[in-house]
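Step one of this worksheet: look at the structure below.
The values are calculated or read from the model by the stated rules, or taken from the named source; none is laboratory data. This one's a predicted model, so the numbers in the text were calculated from it and none came from an experiment. Quick reminder, even Gly has a Cβ in these numbers, built from the backbone with ideal geometry, and neighbours come from all protein chains shown.
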């Protein structure tokens, strides 16, 4: 399967990046899809679809920051699985009903200097959000993606991403106020 992905790009640098993503994150993407789908064949199909999306968005993935890359790959796989499940069941399914466990590992934003305790509280607050808001907030505030990049990665409209970021930020602000952190 890897050879198929490698045939889709031209440069050796892109081929190395795809190989690294495939070797490092295939199990994680399979896990994220497996939590939602349960069927091994469906999981393989979703990871394949995820890899195709990753190839389309290869420039967004920074392999120098492994947690950043892992988060993006996990979000893509999870969203592909949710989309598949919605189509398969032909009904609207809430994210909360689909996911039994979600363990994002995050890395710190390099451009913001804050104390580790404060950073840990902020990440914990983001992790406590509903998946709908958590994913976009992680990608925006922890991984530094733009709204347009998030929309492309998550296969959502720009308006939906902006709305989720806005609502997530409101919820975060309230949670951080309770921790006496004002942003």
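Please state which of the following conditions residue 106 fails to meet, knowing it meets all the rest: (1) in a helix (DSSP H, G or I); (2) crowded, with 17+ Cβ neighbours inside 10 Å; (3) modelled with pLDDT under 90.
So residue 106 meets the others, but not (1).
Would you confirm whether or not region 43-53 contains a residue that is on the phi > 0 side of the Ramachandran plot and not assigned by TED's automatic domain parsing to the domain that holds residue 138?
Step one: filter region 43-53 for residues on the phi > 0 side of the Ramachandran plot, giving none.
No, region 43-53 contains no residue that is on the phi > 0 side of the Ramachandran plot and not assigned by TED's automatic domain parsing to the domain that holds residue 138.
How many of the residues in region 38-79 are over 24 Å from residue 16 (Cα atoms) and surrounded by fewer than 22 Cβ atoms within 10 Å (Cβ to Cβ)?
Total meeting the criteria: 5.
Can you go through 145, 156 and tell me which one is under 12 Å from the mean Cα position of the chain (by Cα) and part of a loop (DSSP other than H, G, I, E, B)?
The conditions single out 145.
Going by the structure shown, is residue 129 at pLDDT 80 or above and outside any helix (DSSP H, G or I)? Steps first, please.
On the way: at pLDDT 80 or above: yes; outside any helix (DSSP H, G or I): yes.
Spelling it out, residue 129 is indeed at pLDDT 80 or above and outside any helix (DSSP H, G or I).
Matching residues to (1) surrounded by fewer than 18 Cβ atoms within 10 Å (Cβ to Cβ); (2) out of contact with any strand residue (DSSP E or B) (no Cβ under 6 Å at 6 or more places or on another chain); (3) closer than 24 Å to residue 50 by Cβ; (4) not assigned by TED's automatic domain parsing to the domain that holds residue 77:
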residue	(1), (2), (3), (4)
124	yes, yes, no, yes
127	yes, yes, yes, yes
137	no, yes, yes, yes
146	yes, yes, yes, yes
151	no, yes, yes, yes
158	yes, yes, yes, yes
166	yes, yes, no, yes
178	yes, yes, no, yes
